[in-house]
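First the structure, in the form of structure tokens, and then the observations on it.
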Amino acid sequence: MAQVTRAAGSSFAAAFWMLPRPRRQALHAIYAFCRLADDIADDPDVAGDRLRLLERWRDELSNAYRGKATHPVGIALGHAVERFALPEEIFQELLRGIETDLRGESIDTFADLERYCYRVASTVGLLLVRVLEAGDPGALEYARNMGIAVQLTNILRDVGDDAAGGRVYLAGEDLARMGVTPEDLRAGEMTEPIRLLLALYGERARIWYERAAQALPESDRRVLRPAEAMGRIYRTLLNELHARGFPCLEAPLRLSKPRRLAIAAGTWLGMGGAA
């Protein structure tokens, strides 16, 4: 499972490498399950009926909860859900979000986008706080808010790439309000309306980070440092996008691995100030 996490080169690995082995193994299993499910929707090398493949992965999830998994990731996930009492419905919500991508469902309103962000990102946070065994119920609200903030940052970073691939995650109502079309985004030329649209989404992401910070329970602050580390990595990415004038129609901006590790280590050690 750790190989899947490392191979993805994600911020996930940077944020959680200092955890004790049982928690780290559980998170690797969760990440691997989510990564492979996401690849069904996004990986161009995946052949066959993707909806059917997703349904088979949904069956593997069900089997993991019943001790009948056959895939190595499903088997590892079964150990994790048993040890940390992870609700199956959270995984089901995540798969519904991936199905949204597979079906190419339109995102007409920002409320639609919030629901999508919850399904594909907040769900992971809700699983994380359970593996970290945060005790305050407020940790769940923290996870929900942080997931939406992180996914909005991802969407903002990848606007150009996604548009080139035929997918626009920015809400249709916002494009219409700013006088921007999907074709404008695919053209890749920065205009003032597009820059204003991207700035709007940058501000929305910032608001969700602030909501997460307000929901973070003081009693669980130390326990949730790994989650904070991941959030701080993405908040730093958002700040970089803002500082560079939202170059989101270009190649996606990514923080280097050493920088991600430095941010994570500083958060773990309690040295992270306001991002």
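The values are calculated or read from the model by the stated rules, or taken from the named source; none is laboratory data. Every value quoted in this text rests on a predicted model; they were computed, and no experiment measured them. All Cβ positions, even for glycine, are placed from backbone atoms using ideal geometry, and neighbour counts span all protein chains on display.
Odds and ends about this structure:
- For the range 103-158, the set of residues classified as hydroxyl-bearing (Ser, Thr, Tyr) and under 22 Å from residue 77 (Cβ atoms) consists of 118, 122, 123, listed by residue number.
- When the helices (runs of 4 or more DSSP H) confined to the range 59-141 are screened for residues that are over 19 Å from residue 38 (Cβ atoms), those reaching at least 1 such residues are found at 72-84, 110-117, 123-131.
- Residue check, residue 97 out of contact with any Cys (no Cβ under 7 Å at 6 or more places or on another chain), closer than 20 Å to residue 50 by Cα, in the same structural domain as residue 31 (by TED's automatic domain parsing) and not charged (D, E, K, R): yes
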